Each structure stands twice: as structure tokens, then as C-alpha cells.
Amino acid sequence: MAQLKKYKWALLVLALHLAATLWFAGQLPADTRVPTHWNIHNEIDGWSGKTFGLWWGLALNAIMFLALWLLPWYSPWYRKYEERFDAVLPPLTTTLVFFFALISVYALAVAKWGDIGQVNMILILMGLLCVLLGNLLPKVPKNFFIGIKTPWTLSNEEVWNRTHRLGGILFVLAGLLLMLKGLILPKHSGFQVWSAVLSLGLMLYPVLHSFILFKRLGKDG
């Protein structure tokens, strides 16, 4: 029970997500189509029926919560980094369930009231997730399940820590760029293209950085 109290905010988000889902269940007609995918032009190109549209997000959130809450039970490195895990897992869990709850509720809101054509809400939410994760990445200890897992970060503690410090900064920058991208009108196609390439590059560079750092430390050693 004491362990569960650390996740009170994540549990609150799950409870609010359940309440919102139940409200939409009573509001949406039986033949409602719920959006499940948006393409790069902010156009809905995937739909589901009411039942799946209502419950997929809540089910995913519950599974994700259990996977993170139970990580101390199945992670082989939990005991070694117990203090760091206990500090980062609750806010990380809250961040992820909050993000997927927003995505799920937004899809249901679109099914009821229609899409917001002026902005790309999915990109804005993805950008927010990147900003929040960027603030948590430097706190994540070495493990097999969470973080920037490459052969080089997993084999060297210093490579892991330094890669995640840089990755945290780059994820925040990429997230801010994605949020701006979601707010810019589609007619600004030049910005849409280069911002997509730049944000993807920012999120992928830590993988290359971990290899460069591993090689550099090997030579120095």
C-alpha cells in the first residue's frame, strides 16, 4: 500500500480518465465513429467503432500503469538503483498516463464535437510529452526497459548518464518545436518540413552520441 501511495497522481489521472470515458459512453450514439489516427496533414485517416474507441485508451493506460508500477518486481537492476528508481518512476508514470488520457479523451471529443482544424492538437500533445520526458530523462538510472537503450549506454554507466543528460535537453527542444509546428497553419509548408526533420533529428541524435561517447571514453581509457 505504501508503494501504491507514491503513484497517487497517476491513479488520480486514471480515475479522471475513467470518469471521462463513462461520460462519453452515455453521450455518444451507438453508431459513432471515433478517430484513431491522424496523418501528417492533420487529417483523420483511421476510425473505429464506439466500443473500441471508448475503451482502447483506458485499457492501454491501465496496462502501462501496471507495467511501470511492477517494474521493481521484474527489473534486474532495480535494487542497485532503488533510490533513483523510486524518485523517477512515479512522475514518469503520471506523465505517460496523462498523455495517453489526453489523446484518448481528445479522440472522443472529436467524435462528439468535430476536429479542431486550425491547430494540430496531436502534434501539440506529442510535443508536450517530449518536454515532460526531457525533464525526466536525466534522472532515469541504467535499465533494460526505460530510456535511451543502446549497446553503448547499457554497457557503460558514464555513457548512459551523459547521453541521458544531453537527451533530456534535446527532447525538450524537440518538444517545443513540435508544439510550435502544431500551432503553425498548414500553409507554411516550408516550416512544416524543416521543423519535422529537425525535431526528429534532435530525438535521434542521442543514439549516435552514445556511440561517439563510448568510442571516445574507450580511447581515453
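Can you give the accessible area per residue of region 145-184, in Å², using a 1.4 Å probe?
Details: 1760 Å² over 40 residues.
About 44 Å² of surface per residue is accessible.
Kindly count the pairs of lysines across the chain whose alpha carbons are less than 15 Å apart, treating pairs on different chains or eight or more residues apart as eligible.
On the way: Lys50/Lys112; Lys80/Lys139; Lys80/Lys142; Lys139/Lys149.
The result is 4.
Tell me the angle of helix 121-136 to the major Cα principal axis of the chain, expressed in degrees between 0 and 90 and rounded to the nearest ten.
30 degrees
Please list 3J(HN,Hα) in residue order for region 18-27, calculated via the Karplus relation 6.51 cos²θ - 1.76 cosθ + 1.60 where θ = phi - 60°; whole Hz, with x for glycine and proline.
4, 4, 5, 4, 5, 5, 5, 4, x, 9
Taking the solvent-accessible surface of protein heavy atoms with a 1.4 Å probe, what is the per residue accessible area of region 1-124 in Å²? Each step should come with its number before you reach the end.
Working: 6830 Å² over 124 residues.
Dividing the accessible area of region 1-124 by its residue count gives 55 Å².
When only Cα pairs under 8 Å and 6 or more residues apart are kept, what is the percent relative contact order across region 2-55? Can you show the working numbers first?
Details: 42 pairs, mean separation 15.3, N = 54.
Once normalised by length, the contact order is 28 percent.
How would you classify region 92-221 from its alpha-carbon gyration tensor, with a ≥ b ≥ c the square roots of the eigenvalues: rounded for a/c under 1.5, else prolate if a/b is greater than b/c, otherwise oblate? Let's see the in-between values first.
Details: a/c = 3.73, a/b = 1.83, b/c = 2.04.
Judged from the Cα gyration tensor, region 92-221 comes out oblate (a/c at least 1.5, b/c at or above a/b).
Of all accessible surface on region 48-202 at a 1.4 Å probe, what whole percent is carbon and sulfur? Write down the numbers at each step before the final one.
On the way: 5430 of 7450 Å².
Carbon-and-sulfur percentage of accessible area, whole number: 73.
Long-range amide H contacts for Ser48: which residues qualify at under 5 Å (H placed 1.01 Å from N, peptide plane, sequence gap of 5 or more or a different chain)?
Excluding prolines and chain starts, which carry no amide H, the hits are Val34, Thr36.
So what's the net charge close to Ile44: Lys and Arg +1, Asp and Glu -1, counting the other residues with Cβ under 10 Å from its Cβ? Mind dumping the intermediate values first?
Working: positive: Arg33; negative: Glu43, Asp45, Asp115.
With Lys, Arg at +1 and Asp, Glu at -1, the neighbours total -2.
Please go through region 49-91 and write out the trypsin sites (Lys or Arg not before Pro) that DSSP classes as loop and that have at most 15 other C-beta atoms within 10 Å.
Numbers: sites: Lys50, Arg79, Lys80, Arg84; in loops: Arg79, Lys80.
Here the trypsin sites (Lys or Arg not before Pro) that fit, given the DSSP loop and packing criteria, are Arg79, Lys80.
Let me see the pair-distance distribution of the chain: every alpha carbon pair, 10 Å bin width, integer percents in order.
8, 27, 31, 24, 9, 1, 0
The values are calculated or read from the model by the stated rules, or taken from the named source; none is laboratory data. Only a predicted model underlies this, so the values are computations on that prediction, with no experimental measurement involved. As a convention, Cβ positions derive from the backbone with ideal geometry for all residues, glycine included, and neighbour counts pool all protein chains shown. Note: areas computed on protein heavy atoms with side chains; ligands, DNA, RNA excluded. Shrake-Rupley method; radii C 1.70, N 1.55, O 1.52, S 1.80 Å.
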